[in-house]
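Colleague: Questions regarding the structure given below will be posed in turn.
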Amino acid sequence: MKEKSCGAIVFNDNSVLIIEQFQGFFSFPKGHVEGNETEEETAIREVKEETNIDIEIISKKKYKINYKINGNIKKEVVFFIAKATSFKLKNQENEIISCEWIDKDKVLDKLTYNNIKKVYKNVLKQLDRK
């Protein structure tokens, strides 16, 4: 079985939006593709649903991670780089514990899993090239 989710690494000046999920780990907002949504549409919708933030995707480049859930579900997650266009945070209470802006230099210390840390490092390299 396969699952696909999309999300965004959202910047607001020198801060980055992170979420704490109910399982107690920290990551970036993301969620399942619904219907005929594009990956970008899914990312924009999921960030809004989970955090109340509106975003604009600023790069077409996709950052992907793959892992297994319960040993039999193959999960692919696609992240985009985005900037916030609204800023009033409100976490979706039935999905996540909290959402917050973190200084971009402290995000790596907060993220839980190595695969998402690697994605974030690659995003920072990409942004440094611009």
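Colleague: Over the chain, what is the percentage of antiparallel beta bridges among all DSSP beta bridges, to the nearest 5?
Modeller: If we restrict to bridges inside the chain, about 70 percent are antiparallel.
Colleague: Taking neighbour Cβ counts within 10 Å as the exposure measure, how do 73, 102, 116 sort from fewest upward?
Modeller: Exposure proxy ranking, most exposed first: 73, 102, 116.
Colleague: Report P(r) for region 7-98: all Cα-Cα distances, bin width 10 Å, range 0 to the bin holding the largest distance, values in whole percent.
Modeller: 17, 50, 30, 4
Colleague: Continuing with the same structure: From the helices alone, meaning DSSP H stretches of at least four residues, give me the mean residue ellipticity at 222 nm for the chain, per-run term -39500 (n - 2.57), in deg cm²/dmol to the nearest 500.
Modeller: -7500 deg cm²/dmol
Colleague: While we're on this one: Could I have the simple spin-label model distance between residue 3 and residue 36, label points 7 Å from Cα toward Cβ, reported in nm to one decimal?
Modeller: For the pair residue 3/residue 36, the computed spacing is 2.6 nm.
Colleague: Which entries in the list 83/125; 48/106; 74/104; 2/90; 68/88; 74/106 go over 28 Å, if you measure between the two C-alpha atoms of each?
Modeller: Long pairs (Cα-Cα over 28 Å): 74/104; 2/90; 68/88; 74/106.
Colleague: Mind giving me the FRET efficiency for residue 127 and residue 70? R0 is 30 Å, r the Cβ-Cβ distance, nearest 0.05 is fine.
Modeller: Result of the calculation: an efficiency of 0.30.
Colleague: Just to check I understand the Karplus step: with θ = phi - 60° and J = 6.51 cos²θ - 1.76 cosθ + 1.60, what whole-Hz values come out for region 88-103, glycine and proline as x?
Modeller: For region 88-103, the Karplus-derived couplings read 7, 6, 8, 6, 6, 4, 8, 10, 9, 7, 7, 9, 7, 8, 10, 3 Hz, x marking Gly and Pro.
Colleague: GNM on the chain, C-alpha springs below 10 Å: top fluctuator among 81, 55, 96?
Modeller: Greatest mean-square fluctuation among the candidates belongs to 96.
Colleague: Also: Applying the Karplus parametrisation 6.51 cos²θ - 1.76 cosθ + 1.60 with θ = phi - 60° to the phi angles of region 104-109, what ³J(HN,Hα) value in whole Hz is obtained for each residue in order, glycine and proline being reported as x?
Modeller: 4, 7, 9, 5, 4, 5
Colleague: With 10 angstrom as the radius, rank 117, 104 by how many other C-beta atoms surround their C-beta, starting from the fewest.
Modeller: With the sparsest Cβ surroundings first, the list reads 117, 104.
Colleague: Pick out, in residue order, every one of the GluC sites (Glu not before Pro) in region 1-110 that is DSSP loop and has at most 14 other C-beta atoms within 10 Å; say none if there are none.
Modeller: Listed in order of number, the matching sites are 34, 93.
Colleague: Still on this structure, please answer the following. Would you please give the FRET efficiency between residue 95 and residue 56, computed as 1/(1 + (r/R0)^6) with r the Cβ-Cβ distance and R0 = 22 Å, to the nearest 0.05?
Modeller: Between residue 95 and residue 56 the formula returns 0.50.
Colleague: Using each residue's phi in region 76-87, evaluate 6.51 cos²θ - 1.76 cosθ + 1.60 at θ = phi - 60° and report the 3J(HN,Hα) Karplus result to the nearest Hz, with x for Gly and Pro.
Modeller: 10, 10, 10, 10, 10, 8, 9, 10, 6, 10, 9, 9
Colleague: Related question: For residue 96, which sequence-distant residues (separation of 5 or more, or a different chain) have an amide H within less than 5 Å of its own amide H, given hydrogens modelled in the peptide plane?
Modeller: For residue 96, whose amide H was placed from the backbone, there are no distant partners under 5 Å.
Quick note: the coordinates plus some simple rules give every number you see, no bench work behind them. Since we're looking at a predicted model, the values are computed, not measured. Heads up, the Cβs are rebuilt from the backbone with ideal geometry, glycines too, and the neighbour counts pull from every protein chain shown.
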